[in-house]
Amino acid sequence: MPDGAGDWRDSAIDRIGAELKSQLQADCLDKGALSAYKNRDVRAGWRLPVAFSDRERRLDVIITPGVPFSPPRIALVDRPPLLTWPHIEEDGVLCLNNDGMTVDFRNPEQVVVSMLSAAYELIEGCIAGKNREAFLDEFQSYWIRASGPRGKPGWSLVSVGCPTRIVRVWYGREFAILADDDASLQRWYQNRYGEPKRSFASAPAAFVWLNRPLYPDEYPDTADGLTKLIGALSSESIPIVRGLASASPERMTVVLGAQSQHGVCLAKVDLTAGRNVKFEGPNRHSRLKGFRPGKAPPAQMAQAYLQSSTPVSKANIARIDPSWIHGRDQDPHQEKLRHQKVVIVGCGSVGSNVAVLLTQAGIGSLTFVDSENLEWANIGRHALGAIHQGKNKARALAESIRQNYPHVCVDARDSGWERVRDTEPDLIAAADLIINTTGSWPANAAMNIWQRSQDKPPIILYGWTEAYACAGHAVAVGPRGACLECGMNRFGEPIEPVTIWETADTQRREPGCGAVFQPYGPVELMSTVQLVAQAALDLILDKQNPAAHWIWACRKSMLVDCGGEWNPRWTEGDQGREKGGLSLVREWMPRADCLCLH
């Protein structure tokens, strides 16, 4: 039996070669033939003749380093020009879902027979014209393979879907960014790259919604071809495109969008002015032949752009809008999440990681509040690392999220929440949800009292860990019903903790005045972080009402290793809790003798 991956591959080459030679009259590929697949790190290959319905064609079977754990690749030697048939790459290799395919690596001969059968069916479908719709369904894969000049790739913040409309484009040296408006465009750029060194100038562009994607023979090569295409597939867009062209920019960008079977697809087309349009003077005034600078009628300027044989440049455009970033258009909750405003008070190990998860989930607006700076000892379990050491936690977290998720609105306050409450009451009151992960009873108690004194305060979600992160809690408190104090004693300790410890003080101390911490690592912490983030989403998406209590309990082995045990009240009447490793949601119960206003 083979030992290493190379032995498995060598054995597969011998067995596949013997099968192809004896059963299908295949010949080994020499170095010259293998060089046609120079970008695939081919280790061996064979060529065999196959009789198709139109004529005999040759297929190559090639072995790549992943064989036999991945299938071999099949290539069509005698093929029509690129983009005549779908699912054929530039070097003739067929797209047979190789990357997502699982195979019986112990039976490589049968695998190659199965692959050849799939290749035969694909090619016969191409000959019969039965699978031409694949060009529409997988438009994004074929567009950039079209011949002709290639323009700068684009990144799109534009809200996809109809109608056709004017959007904004910023041209960089290596790429262009498009958005629905200047404000969105500038905010994204500044979040990602900081203040621009020069004046940030954008230009109008056209977002044209077509009634379907394009076949390769419809890809426009000239300005006139683009105009005819839009007229055929989106006739109502012609006035908008003509209006843009009549403004006579030196270049003009049109984004084509359409709905395919597998989602929205986009393509970028750049046009330049025809040869009869000149730009003169320091301000680049347009001049159409036969007219003075800036005096050409709009109709003539539009005609100069859109009815010329000037080649257009085609480029891919990547979506960077929230709906695509957060779920690739498949998350039905994104529309609501992106309009939510969440304030996170406490940007330590719990709060910072919760902030990242909620950002990734699609929360559109976050404000961070924390007065402390990030120290070296924090970074082992914090969302931020060494490059932010010494900076205020809230501001550094906001800076990091802005750069990594530029479409999100992020703000920060480097003070305690009480100061924000007193100086910016609208910021707190406007939140859809406040998350308090300070783990500080003074801060929690003050926030609890404040909430009960307001007419219409937001819901507050409190999150904390027990000792060694062996248990985690998230408690949602609304303006009425049970308050935070209902489950706490007067010193801010949970009345019914999940764990109990022989030593009352489980904190550890640094060799400094007042420097104490809980000794747990990032892996142990993540269960509580996930718990708090999930609780936040449950509340925002109305899957759970306030006065709810989310609990995480670690595995019993972890608890024992740390020197703790279960609180008998926690396991009472439920033997399943003895093993731990579980989470649940239950009601946060009101307490009759609670002194807080209810």
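How high is the FRET efficiency from Asn567 to Ala446, r the C-beta distance, R0 22 Å, rounded to 0.05? Display every interim value, and only then the final one.
Working: r = 28 Å, r/R0 = 1.25.
Efficiency, from the Cβ-Cβ distance: 0.20.
What is the range 149-204 by shape, rounded, prolate or oblate, if you read a ≥ b ≥ c off the alpha carbon gyration tensor as root eigenvalues and call it rounded for a/c under 1.5, prolate for a/b larger than b/c, and oblate otherwise? Don't skip to the answer; put the middle values down first.
Details: a/c = 1.94, a/b = 1.27, b/c = 1.53.
It comes out oblate by the Cα gyration axes.
Which order do you get for Cys486, Cys28, Cys409 if you rank them by accessible area with a 1.4 Å probe, largest at the top? Intermediate results must be reported in sequence, preceding the final value.
Working: Cys486 5, Cys28 80, Cys409 55 Å².
If we order Cys486, Cys28, Cys409 from most to least accessible, we get Cys28, Cys409, Cys486.
Over the range 48-133, what is the mean sequence separation of C-alpha contacts under 8 Å (at least six apart), divided by residue count, expressed as relative contact order in percent?
27
If DNA, RNA and ligands are ignored and the probe is 1.4 Å, what is the ranking of Leu358, Leu83 by accessible area, most exposed first?
Numbers: Leu358 0, Leu83 30 Å².
Ranked from most to least accessible, the order is Leu83, Leu358.
Of His262, Pro216, Ser199, which is farthest towards the positive pole of the range 138-265's charge dipole, taken about the Cα centre with +1 and -1 on the beta-carbons of Lys, Arg and Asp, Glu respectively?
Checking the options against the dipole of the range 138-265, the answer is Ser199.
Considering the zone a paramagnetic label at Ser117 would reach in this model (a point 7 Å from Cα along the Cα-to-Cβ line), which residues of the range 62-106 have amide N under 14 Å from it?
104
Of the labelled options [x] 27.2; [y] 38.5; [z] 42.6, which one gives mean projected area of the Cα convex hull in nm² as computed for this structure?
This structure yields the entry labelled [y].
Taking Cα centroids, how far is the range 190-205 from the range 522-574 in Å?
Distance between centres, Cα-based: 45 Å.
Quick check: residue separation of Glu493 and Ala430 times 0.36 nm, minus the Cα distance between them. What number comes out in nm? Could you put the intermediate results ahead of the total?
Values: separation 63, 0.36 × 63 = 22.68 nm, distance 2.98 nm.
Value of the extension gain: 19.7 nm.
Rounded if a/c is under 1.5, else prolate if a/b is larger than b/c, else oblate: which is the range 58-121, with a ≥ b ≥ c the root eigenvalues of its Cα gyration tensor?
On the way: a/c = 2.16, a/b = 1.98, b/c = 1.09.
Here the range 58-121 falls in the prolate category.
At 7 Å along the Cα-to-beta-carbon direction for both Ile500 and Glu372, put a label point, then send me their distance in nm to one decimal.
Label-label distance for Ile500 and Glu372, simple model: 3.0 nm.
Suppose we keep just the DSSP beta bridges with both residues in the chain; what percent of those would be antiparallel, to 5?
Working: 69 of 98 bridges.
Around 70 percent antiparallel, to the nearest 5.
Using only the Cα atoms of the range 494-598, build the gyration tensor, take square roots of its eigenvalues as a ≥ b ≥ c, and label the shape rounded, prolate or oblate: rounded if a/c is under 1.5, else prolate if a/b is larger than b/c, else oblate. It would help to have the intermediate numbers written out before the result.
Working: a/c = 1.45, a/b = 1.33, b/c = 1.09.
Rounded, because the longest to shortest axis ratio a/c is under 1.5.
So how much slack lies between Arg57 and Ser141, counting 0.36 nm per residue of separation and subtracting their Cα-Cα distance, in nm? It would help to have the intermediate numbers written out before the result.
Details: separation 84, 0.36 × 84 = 30.24 nm, distance 2.54 nm.
Full extension from Arg57 to Ser141 adds 27.7 nm.
Relative contact order, percent, of the range 144-222 when contacts are C-alpha pairs under 8 Å separated by at least 6 residues? Display every interim value, and only then the final one.
Details: 90 pairs, mean separation 26.3, N = 79.
Computed value for the range 144-222: 33 percent relative contact order.
Which of Thr499, Cys126, Ile166 sits farthest toward the positive end of the charge dipole of the chain, with +1 on the Cβ of Lys and Arg and -1 on the Cβ of Asp and Glu?
Of Thr499, Cys126, Ile166, it is Ile166.
Could you state the angle between the C-alpha long axis of helix 441-453 and the longest principal axis of the C-alpha atoms of the chain, as a value from 0 to 90 degrees rounded to the nearest 10?
Helix 441-453 sits at roughly 80 degrees to that axis.
At 1.4 Å probe size, with no ligands or nucleic acids counted, give the accessible surface of Ser199 in Å², nearest ten.
Result for Ser199: roughly 110 Å² accessible.
Report the label-to-label distance for Gln23 and Lys391 in nanometres (one decimal), using points 7 Å from each Cα along the Cα→Cβ vector.
About 6.1 nm separates the two model spin labels.
Roughly how tilted is helix 5-24, in degrees to the nearest 10 and between 0 and 90, from the longest Cα axis of the chain?
Value to nearest ten degrees: 30.
Taking the Cα centre of the chain as the origin, how large is its charge dipole in debye, to the nearest 20, when only Lys and Arg (+1) and Asp and Glu (-1) carry charge on their Cβ atoms?
Working: 66 positive and 69 negative charges, 516 e Å.
Approximately 2480 debye in magnitude.
Under a 1.4 angstrom probe, counting protein chains only, how are Thr64, Thr102 ranked by accessible area, largest first?
On the way: Thr64 25, Thr102 130 Å².
Largest to smallest exposure gives the sequence Thr102, Thr64.
Of the accessible area of the range 447-598, with the probe set at 1.4 angstrom, what percent is carbon plus sulfur?
Working: 4100 of 7990 Å².
Of all accessible area on the range 447-598, carbon and sulfur atoms account for 51 percent.
Just to confirm the number: angle between the C-alpha axis of helix 393-404 and the first principal axis of the chain, 0 to 90 degrees, nearest 10?
The two axes meet at around 20 degrees.
For the range 462-598, what is the accessible area per residue in Å² when the probe is 1.4 Å?
On the way: 7310 Å² over 137 residues.
On a per-residue basis, the range 462-598 sits at 53 Å².
Can you give the FRET efficiency for Glu124 and Asn97, using 1/(1 + (r/R0)^6), R0 = 22 Å, r = Cβ-Cβ distance, to the nearest 0.05? Could you put the intermediate results ahead of the total?
Details: r = 17 Å, r/R0 = 0.79.
Approximately 0.80, to the nearest 0.05.
Could you grab the relative contact order for the chain? Cα pairs under 8 Å, six or more apart, rounded to a whole percent. Before the final figure, lay out each step's value.
Values: 1107 pairs, mean separation 50.4, N = 598.
For the chain, the relative contact order is 8 percent.
Name the residue farthest towards the positive end of the dipole of the range 1-148 from the options Val61, Val93, Leu83, assuming +1 on Cβ of Lys and Arg, -1 on Cβ of Asp and Glu, about the Cα centre.
Leu83
For the range 88-216, what is the charge dipole size about the Cα centre, in debye to the nearest 20, if Lys and Arg each add +1 at the Cβ and Asp and Glu each add -1 at the Cβ?
On the way: 14 positive and 16 negative charges, 182 e Å.
About 880 debye.
Between Ser11 and Leu541, what is the FRET efficiency for a Förster distance of 45 Å, r being their Cβ-Cβ separation, to the nearest 0.05?
Numbers: r = 53 Å, r/R0 = 1.18.
Step by step, r from the Cβ atoms, then E = 0.25.
The values are calculated or read from the model by the stated rules, or taken from the named source; none is laboratory data. Note that the structure is a prediction, hence the values are computed from the model and not measured. Virtual Cβ from ideal backbone geometry, glycine too; neighbours counted across all protein chains shown. Ligands, DNA and RNA are stripped out before the accessible areas are found, and what is left, the full protein with its side chains, is counted by its heavy atoms. Shrake-Rupley method; radii C 1.70, N 1.55, O 1.52, S 1.80 Å.
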